[in-house]
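What follows is a short report on a single structure.
The values are calculated or read from the model by the stated rules, or taken from the named source; none is laboratory data. Keep in mind the model is a prediction, meaning the values are calculated, not measured. We place every Cβ from the backbone using ideal geometry, glycine too, and count neighbours over all the protein chains shown. Accessible surface is based on the protein model in full, side chains and every heavy atom, while ligands, DNA and RNA are left aside. Shrake-Rupley method; radii C 1.70, N 1.55, O 1.52, S 1.80 Å.
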Amino acid sequence: MADQHVVIVGAGPAGLLLAGYLLKRPGYRVSVFEQRSDPRLTQQVQNRTFPISLQERGRQALRGIPGLEKAVTDRSTVCNGTIMHQVSKKNRVIPRKTPSLMIDRLQLVVVLLKFLSDQYSSDQFVVQFDCRCTGLNPSAQTLLFEQAGEVVSHTYDVVVGADGAGSKVREALTEQVNFPCEQTLIPDAYKSVFLNQPEDGIQLAADKVHTWNLPNNVRMMLVPQGNSQLNGVLVFKRDQSPIAQYTTKEEVLAFVQENFPRFGALMTLDEAAALLSRPVAKITTVRCQRFHEGSNILLIGDAVHAVSASIGQGCNSALQDVGILNQLLDQHQDNWSQTLPEFSAQRIPEVHALRELSDYSFPRNRWLVFEFILRLQVSRLLNRWFPKQFPPFLFDLVFDSDLPYSEVLDIHQGWINKVKQAS
């Protein structure tokens, strides 16, 4: 086939994985443009980042490129459950039937960049950072980027917007064509947290995700990184940061030590100062009615179906987008005009179902949380004893299988409706 130049806007996990899939196919050149700085050259503590849980859907997409899943696994932590820490009660341990790979988002991006750069020459694969997309001209098949104060034009045969919930490609489409899209700020926001475990101090289990919930919907989640480091997030209601009232690092450290004592024992004054100064990350969900425009413009991942992080499926579903797109390109012999409409038709019901699951699987109501834990325990027992009569628990279907999200929603629609009514 003739040489095709694909421009991918966004060097996140989905955009880079797509580059890898396309470069495996004959006749493709790929250019990736990212508005952020190169994560390989930026100190992690200066970035807003968060831990990602890779489960079967995401890992299945990684397996489509030989050696990639291993490269990611080598930099990940295997976690087989969650510990819910409590001050006055015994910690609650929620085991996982199938372990998850836990990796910081920036670390995942670094792994993908290294994998691609090691395998492909600059004639095939180019990635440019600090390039902000400022315009899209579909008729001329050009994109505009601002780089180092200058506006640069790049032509494309196919353009893919993988540039997140604030997608500039999507924004350009909504301004130029009928591309309806709904964006919503969710109630939660977060700040990234980075802690280190001293060898002679308190040790948190290296194979568990650690969470701590406060009564006012403030919570902290920490994930071991395979070394002494724990990366995580402090989550709170939007515009109600629990540390906004503080002005000194000593006050922030005292707050963490008082409210999350086991975590606070690991926090230094330097990290308390960094936590105080880090920006608050507000989370936007995105819901679009199609994922393509014409025969050569596509949007994937958070750019068209960003969801809340409550069940950890944002990255997994974005990587799954890439795997399914690759299957459709195989089926249609790289005919993008046939592939794109079918991609939209296949993915829209699934990611809309994921939106429901993400919004309403885990309740905010205190009493429903108790029911949720009871349902988890009873469902797992019944499924073990009578697997044909009782389906797996909702989270087990989401985390441990690749059952379509729409089918998971159908099976557990009753619980989703109950949480929705209580919200």
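Structure notes:
- Qualifying residue in segment 62-80 (condition: crowded, with 20+ Cβ neighbours inside 10 Å and charged (D, E, K, R)): no
- Entirely in segment 246-334, the helices (runs of 4 or more DSSP H) that have 3 or more residues that are at pLDDT below 95 and open to solvent by less than 20 Å² (accessible area, probe 1.4 Å): none
- Filter result for Ile65 (of a type outside the set (Gly, Ala, Ser), more than 23 Å from Ala165 (Cβ to Cβ) and modelled with pLDDT of 95 or more): yes
- Restricting attention to segment 172-203, the residues that are of a type in the set (A, V, I, L, M), surrounded by 19 or more Cβ atoms within 10 Å (Cβ to Cβ) and closer than 29 Å to Pro363 by Cβ add up to 3.
- Segment 135-158, residues that are among the hydroxyl-bearing types (Ser, Thr, Tyr) and under 23 Å from Val109 (Cβ atoms): Tyr156
- Search result, residues across segment 97-114 that are part of a strand (DSSP E or B) and either of a type in the set (Asp, Glu) or open to solvent by less than 50 Å² (accessible area, probe 1.4 Å) (or both): Ser100, Leu101, Met102, Ile103, Asp104
- Scanning segment 305-355 for residues that are without any contact (Cβ under 8 Å) to a residue 40 or more places away in the chain and aliphatic (A, V, I, L, M) turns up Ile324, Leu328, Ala345.
- Screening Ser228, Ser192 for residues that are touching a strand residue (DSSP E or B) at 6+ places or on another chain (Cβ under 9 Å), among the polar types (S, T, N, Q) and without any contact (Cβ under 8 Å) to a residue 40 or more places away in the chain leaves exactly one candidate, Ser228.
- The residue list Phe390, Phe386 contains one member that is farther than 21 Å from Asn316 by Cβ, in contact with a Ser or Thr (Cβ under 9 Å, 6 or more places away or on another chain) and open to solvent by 70 Å² or more (accessible area, probe 1.4 Å), which is Phe390.
- Flag if Ala165 is free of Cβ contacts under 8 Å to residues at least 24 places away in the same chain and part of a loop (DSSP other than H, G, I, E, B): no
- Figure legend. Inter-residue proximity from segment 1-30: first residues more than 20 Å from Ala71 (Cβ to Cβ), second residues among the polar types (S, T, N, Q) and surrounded by fewer than 17 Cβ atoms within 10 Å (Cβ to Cβ), beta-carbon distance below 8 Å, spacing 6+ or different chains. Indicated pairs: His5/Thr155; Tyr28/Gln124; Arg29/Gln124.
- Flag: Asp359 matches the condition of being surrounded by 18 or more Cβ atoms within 10 Å (Cβ to Cβ) and either more than 25 Å from Ser100 (Cα to Cα) or not aromatic (Phe, Trp, Tyr) (or both).
- Qualifying residue in segment 216-227 (condition: over 24 Å from the mean Cα position of the chain (by Cα), over 22 Å from Val72 (Cα atoms) and not basic (Lys, Arg)): yes
- Scanning segment 111-155 for residues that are over 25 Å from the mean Cα position of the chain (by Cα) and among the small types (Gly, Ala, Ser) returns Ser121, Ser122, Gly135, Ser139, Ala140, Ala148, Gly149, Ser153.
- Within segment 405-419, the set of residues being part of a helix (DSSP H, G or I) and farther than 12 Å from Ser358 by Cβ comprises Ser406, Glu407, Asp410, Ile411, Gln413, Gly414, Trp415, Asn417, Lys418.
- Just one of the listed residues (Val398, Val419, Val378) is farther than 24 Å from Gly12 by Cβ, among the hydrophobic types (A, V, I, L, M, F, W, C) and crowded, with 18+ Cβ neighbours inside 10 Å, namely Val419.
- Whether a residue is surrounded by fewer than 16 Cβ atoms within 10 Å (Cβ to Cβ) and assigned to a helix (DSSP H, G or I) was assessed, and Arg40 passes this test.
- Count of segment 340-389 residues, restricted to those that are of a type in the set (Asp, Glu) and in contact with a strand residue (DSSP E or B) (Cβ under 7 Å, 6 or more places away or on another chain), is 0.
- Condition met for Ser53 (outside any helix (DSSP H, G or I) and open to solvent by less than 40 Å² (accessible area, probe 1.4 Å)): yes
- Scanning segment 115-139 for residues that are touching a residue at least 40 places away in the same chain (Cβ under 8 Å) and open to solvent by 20 Å² or more (accessible area, probe 1.4 Å) turns up Phe115, Gln119, Tyr120, Asp123, Gln124, Val126, Val127, Gln128, Phe129, Asp130, Arg132, Pro138.
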